[in-house]
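A.B. asks: Take this structure, written in structure tokens, and hold onto it; I'll ask about it next.
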Amino acid sequence: MNLFIEIDRASKTSMQNQIYWQIRKLILGGYLRPGQSVPATRLLSEQLGVSRNTVSIAYERLIHEGYLQTRKASRTFVSSSLPERLLLLETTAPAAQRIEKLRPVTPVVVFRGRAQTVVNRSRRKVPIDFWVGRPNAATFPSKTWRRLILKNLSNREGNLTEYGEPAGLPALCTAIANHLASARGIKAKPEQIIIVSGIQEALNIVARLFIEKGTQVAMENPCYQGAAFAFESYGADLLPVQVDENGIRIRDLINHRASLLYVTPSHQYPTGCTLSLDRRIRLLEWAWNNGSYIIEDDYDSDFRYDGPPLTALAGLDQRGCVIYMGTFSKSIGAGLRVGYVVLPPELYEPAIAVKTLLNNGHAWLDQAVLADFIASESYIRHLRQIRRIYMGARNCLVDALTGAFGRVNLSGLDGGMHVMWHLPDHFPPAMNLKEIAQDKGVGIYTLAGGGAGYDFGGGPYTNRCVMLGYSSLREDEIKEGINRIAEAVGKVSDSRQRGRK
């Protein structure tokens with residue numbers, strides 16, 4: 001038999017691929033039926049005027065993918081079960097017929113939750129963007145990272161094909177434990193550490209351990225949106241506790257009998273204030289007396305610019321009241337998706353069970369590279385470098401703001417990657433200022449309009465504060481951005497004064 005196949009010798013598609021696609025089309029279109037023989041490779045090559053090897057390559061691909069079958073010393077014929085049918089692809093059924101086969105009833109979605117704002121999805125992109133929590137892409141240690149990737153790939157053995165420890169690579173857990181001992185004063189064993197895909201996964205693990213409908217969880221107000229929304233999705237009753245310039249107000253917490261308390265003591269998110277040592281000690285006393293756990297989110301504690309860093313709550317804790325969470329998203333890059341949680345010993349095994357149900361552990365190569373990066377002290381050198389860069393950006397931002405507006409009220413200057421600007425009374429509301437800046441090509445952010453902050457109410461933060469992330473911007477961009485805001489605010493003030501006249 002002859003097949004209706006045309007070879008276009010001027011085409012960029014190889015002749016064997018042309019034969020493959022046309023025979024496949026004949027099979028799927030029903031022109032070649034299951035069980036029907038196809039010409040021998042010699043006969044088809046003579047028909048098409050191509051080499052027998054060209055036809056053989058096309059046939060081998062069709063056989064490999066299941067469109068053709070062959071028997072030794074016998075004919076080649078169309079398979080009785082085509083790949084599309086095995087995958088339940090109704091390629092030839094009319095659209096109306098396919099719609100009738102849909103289930104009339106589908107399961108109800110029982111999840112009730114909100115997604116936090118981490119990625120800036122604004123349709124109006126701006127050239128100068130003070131987005132919060134974004135590392136400077138130029139600081140990523142590309143050369144060292146590439147070298148460590150190649151090193152680990154050459155010694156991979158079965159690590160890329162087998163499951164690893166759900167808790168994480170032991171070498172990475174050990175490296176993190178050593179780093180925390182010297183940098184944060186935390187005396188944790190590697191067996192207390194679980195590697196996670198950022199702090200958000202750590203929050204979900206802890207929530208699954210403790211939270212059911214009605215569980216009381218105390219939160220800073222304002223707070224990190226991702227934590228509030230995660231706990232809320234598990235059914236928690238959230239109890240907001242106000243913060244001031246010294247962190248969460250302990251006197252407002254005393255009467256709460258919450259099972260969990262979530263705090264960001266090193267650089268409160270989003271205000272940037274640092275929890276005082278006195279309040280840290282009182283917070284640990286409250287947790288012990290109340291039988292509660294404190295969740296310490298230490299998201300950007302690696303960046304401290306003024307004064308010595310305060311010991312982490314977990315470093316002060318002598319009674320096992322603190323669940324400590326850290327991440328490399330800010331110090332290296334969020335694209336790595338690597339963080340960790342340090343647990344009191346009694347919580348380790350239950351947390352491992354939750355971790356295995358979520359994803360059975362983190363990718364081996366990322367962990368191996370990061371373990372070497374920390375153990376070789378490359379991480380410490382990297383931190384020193386970016387601290388200098390970020391401190392310079394912070395100083396530039398402060399100088400630009402004071403130069404443009406005089407005395408400004410900023411919180412969060414001691415460390416981190418952003419500051420909160422408390423607007424003066426004569427300024428427009430925060431949301432209006434955001435829109436004014438955006439019209440000038442500058443992105444600044446309110447709690448409600450980006451940056452993953454969340455305000456329960458009862459304070460001035462929503463209407464009278466904006467967040468300015470400086471870590472991802474060059475100093476010339478910072479100066480230009482603030483100048484544009486100053487120019488826009490000046491024009492608004494002038495128009496208001498003319499309106500009063």
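A.B. asks: Sort through 453, 469 and tell me the only one that's under 30 Å from residue 333 (Cα atoms), in contact (Cβ under 8 Å) with a residue 12 or more places away in the chain and out of contact with any helix residue (DSSP H, G or I) (no Cβ under 8 Å at 6 or more places or on another chain).
C.D. replies: After applying the criteria, what remains is 469.
So that you can scan it fast, the table gives a plain yes or no per residue for (1) over 30 Å from residue 364 (Cα atoms); (2) surrounded by fewer than 20 Cβ atoms within 10 Å (Cβ to Cβ); (3) modelled with pLDDT of 95 or more:
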position	(1), (2), (3)
219	yes, no, yes
239	yes, yes, yes
250	yes, yes, no
271	yes, no, no
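A.B. asks: Further question on the same structure: Every residue in region 1-35 that is closer than 19 Å to residue 83 by Cβ, part of a loop (DSSP other than H, G, I, E, B) and either hydrophobic (A, V, I, L, M, F, W, C) or at pLDDT 90 or above (or both), please.
C.D. replies: Answer for region 1-35, where residues must be closer than 19 Å to residue 83 by Cβ, part of a loop (DSSP other than H, G, I, E, B) and either hydrophobic (A, V, I, L, M, F, W, C) or at pLDDT 90 or above (or both): just 32.
A.B. asks: Determine which member of the set 83, 107, 39 is more than 42 Å from the chain's Cα centre (by Cα), modelled with pLDDT of 70 or more and either exposed (fewer than 12 other Cβ atoms within 10 Å of the Cβ) or not small (Gly, Ala, Ser) (or both).
C.D. replies: The unique qualifying residue is 39.
A.B. asks: Hey, among the residues in region 317-370 that are of a type in the set (Phe, Trp, Tyr) and touching a strand residue (DSSP E or B) at 6+ places or on another chain (Cβ under 9 Å), which one's nearest to residue 153 (Cα to Cα)?
C.D. replies: Ranking the candidates gives 328 first.
A.B. asks: While we're looking at this one, here's another question. Can you go through 177, 167, 188 and tell me which one is assigned to a helix (DSSP H, G or I), hydrophobic (A, V, I, L, M, F, W, C) and either surrounded by 14 or more Cβ atoms within 10 Å (Cβ to Cβ) or without any contact (Cβ under 8 Å) to a residue 60 or more places away in the chain (or both)?
C.D. replies: 177
A.B. asks: Let me ask another. So residue 363 passes all but one of these: (1) outside the structural domain of residue 490 (by TED's automatic domain parsing); (2) touching a residue at least 12 places away in the same chain (Cβ under 8 Å). Which condition number does it fail?
C.D. replies: Condition (2) is where residue 363 drops out.
A.B. asks: Here's a follow-up. Would a scan of region 199-208 turn up a residue that is among the acidic types (Asp, Glu) and in a helix (DSSP H, G or I)? Break it down into steps so the answer makes sense when it comes.
C.D. replies: Step one: of region 199-208, the residues among the acidic types (Asp, Glu) are 201.
Restricting the remaining residues to those that are in a helix (DSSP H, G or I) gives 201.
Checking region 199-208: at least one residue is among the acidic types (Asp, Glu) and in a helix (DSSP H, G or I).
A.B. asks: When you go through 247, 307, 320, 272 one by one, which is the residue that is closer than 25 Å to residue 194 by Cβ and either in contact with a Leu (Cβ under 7 Å, 6 or more places away or on another chain) or not assigned by TED's automatic domain parsing to the domain that holds residue 468 (or both)?
C.D. replies: Exactly one of 247, 307, 320, 272 is closer than 25 Å to residue 194 by Cβ and either in contact with a Leu (Cβ under 7 Å, 6 or more places away or on another chain) or not assigned by TED's automatic domain parsing to the domain that holds residue 468 (or both), namely 320.
A.B. asks: Okay, moving on. Out of 412, 449, report the one residue that is under 25 Å from the mean Cα position of the chain (by Cα), crowded, with 22+ Cβ neighbours inside 10 Å and outside the structural domain of residue 230 (by TED's automatic domain parsing).
C.D. replies: Exactly one residue qualifies, and that residue is 412.
A.B. asks: I'd like to know if region 123-146 contains one or more residues that are among the hydroxyl-bearing types (Ser, Thr, Tyr), in the same structural domain as residue 336 (by TED's automatic domain parsing), touching a residue at least 40 places away in the same chain (Cβ under 8 Å) and part of a loop (DSSP other than H, G, I, E, B).
C.D. replies: No; the residues of region 123-146 include none that is among the hydroxyl-bearing types (Ser, Thr, Tyr), in the same structural domain as residue 336 (by TED's automatic domain parsing), touching a residue at least 40 places away in the same chain (Cβ under 8 Å) and part of a loop (DSSP other than H, G, I, E, B).
A.B. asks: From (1) within 18 Å of residue 474 (Cα to Cα); (2) without any contact (Cβ under 8 Å) to a residue 12 or more places away in the chain, pick out the condition that doesn't hold for residue 333.
C.D. replies: Only one criterion in (1) within 18 Å of residue 474 (Cα to Cα); (2) without any contact (Cβ under 8 Å) to a residue 12 or more places away in the chain is unmet by residue 333, namely (2).
The values are calculated or read from the model by the stated rules, or taken from the named source; none is laboratory data. Because the structure is a prediction, the values reported are computed rather than measured. Because the Cβ atoms are built from the backbone with ideal geometry, glycine has one as well, and the counts that use them run over all protein chains shown.
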